[in-house]
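Written below as structure tokens is the structure these notes are about.
Here, each number is a calculation from the coordinates, and none is a lab measurement. The shown structure was predicted, so the numbers you read here are calculated from the model rather than taken from an experiment. Positions of Cβ are backbone-derived with ideal geometry, glycine not excepted, and every protein chain shown enters the neighbour counts.
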Amino acid sequence: MNTLVRLARAEWGPLCAALREPLPRRRFAAVPLTAGAVCLTAVLHAVHGTSWGYGFVQATGTVRAADPLWLALLRTPLSLFVPALDLPVWGALAQILVVFGVAEVCLGRRRTLALAYAATLAGTLYARLGIALGPRTPVGLPPSDAWVVDTGPSAAVVGLAVYVGCRYRAYATAGAVTAAMVAEVIVKENLAGKEHLAAIAAVSALCALETGRQRWSRARTGSSGAPPIQSCTLRAGPVQRRS
């Protein structure tokens with residue numbers, strides 16, 4: 001038991017320390033972005049399921065690789081908060097509440113939103129690349145995937161989880177998330193799974209760039225201040241969402 005406690009402290013100690021002060025004291029006031037994202041997702045899901053709102057959500061928040069690129073880019077931000085109608089909405093809401101909440105407290109609202117969008121955009125752009133490459137390549141997709149409706153927060157959630165894990169040295173957690181996404185692709189190779197890996201690849205690249213910039217800055221100034229994030233790059237295997 002003591003060994004497990006030590007391992008847990010080593011893995012999640014820095015992350016828990018970052019959460020310990022603001023969450024108990026401010027509660028939901030500490031995570032306005034997360035609270036707004038949860039409410040927006042719930043409202044969009046409810047509207048999407050109605051006869052009068054279905055067309056509106058489809059026109060403003062539904063992305064397909066077959067769409068013109070400018071239209072897909074225009075719809076991508078809202079598509080993050082449009083959960084799939086064939087999946088339980090509570091899953092998407094729980095993902096946003098936990099992962100967005102932790103990220104918002106640890107990283108701030110702006111960085112959390114920027115990373116969530118970057119991860120989602122990576123998945124959206126990968127879909128087009130995968131279809132262009134075709135199913136005969138490991139990272140390719142069949143042409144039929146161009147018509148798959150591509151919405152939901154899961155790519156953003158996966159990307160944020162890996163980034164926060166790397167930043168706070170919870171490497172086992174970040175690795176477990178990555179391994180789960182690789183397993184998803186192996187068990188059921190589809191657009192969603194490969195987009196998850198694209199999101200992981202994007203945030204891993206951002207982590208690596210941030211780490212390199214910090215090391216270069218410290219080497220240039222000769223500073224021995226706080227250590228950087230350290231290496232965040234995760235090997236995600238063949239690049240392959242959002243649920």
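Provide, for q = 0.18, 0.21, 0.24 Å⁻¹, the log10 of I(q)/I(0) from a solvent-free Debye sum over equal Cα point scatterers in the range 143-194.
Those come out to -0.64, -0.80, -0.93, one per q.
Can you tally the net charge around Pro14? Count Lys and Arg as +1, Asp and Glu as -1, for every other residue whose Cβ sits under 10 Å from the Cβ of Pro14.
Details: positive: Arg9, Arg167, Arg169; negative: Glu11.
Taking every Cβ under 10 Å from that of Pro14, the sum is +2.
For Thr137 and Arg109, what does the FRET efficiency come to when R0 = 35 Å and r is the distance between their Cβ atoms, rounded to the nearest 0.05? Before the final figure, lay out the partial values.
On the way: r = 38 Å, r/R0 = 1.10.
Computed FRET efficiency for Thr137 and Arg109: 0.35.
Cβ neighbours within 10 Å, averaged per peptide: list 33-44, 54-65, 136-147 in order, most packed at the top. Don't jump to the answer; show the numbers that get you there.
Values: 33-44: 18.2, 54-65: 16.5, 136-147: 14.6.
The packing order, highest mean first, is 33-44, 54-65, 136-147.
In terms of modelled amide H atoms, which long-range or inter-chain residues lie less than 5 Å from the amide H of Phe81?
Gly152
Averaging sequence separations of C-alpha pairs under 8 Å and six or more residues apart, then dividing by the length of the range 3-118, give the relative contact order as a whole percent.
On the way: 81 pairs, mean separation 36.6, N = 116.
This gives 32 percent for the range 3-118.
Taking neighbour counts of Cβ atoms within 10 Å as a proxy for exposure, in what order, fewest first, do Thr221, Thr124, Thr76 appear? Walk me through the numbers on the way to the answer.
Values: Thr221 9, Thr124 27, Thr76 19.
By the 10 Å Cβ count, ascending: Thr221, Thr76, Thr124.
Let me check I've understood the local charge: for Gly212, count other residues with C-beta under 13 angstrom from its C-beta, Lys and Arg +1, Asp and Glu -1. What total comes out?
Working: positive: Arg213, Arg215, Arg218, Arg220; negative: Glu210.
Cβ neighbours under 13 Å give a net charge of +3.
Using alpha-carbon pairs under 8 Å, 6+ residues apart, how would you state the relative contact order of the range 2-221 in percent?
Numbers: 278 pairs, mean separation 48.7, N = 220.
Relative contact order, the range 2-221: 22 percent.
If you stretched the chain out fully between Arg215 and Arg9, how much longer would it get, using 0.36 nm times the residue separation minus the C-alpha to C-alpha distance?
Working: separation 206, 0.36 × 206 = 74.16 nm, distance 2.63 nm.
Computed gain between Arg215 and Arg9 is 71.5 nm.
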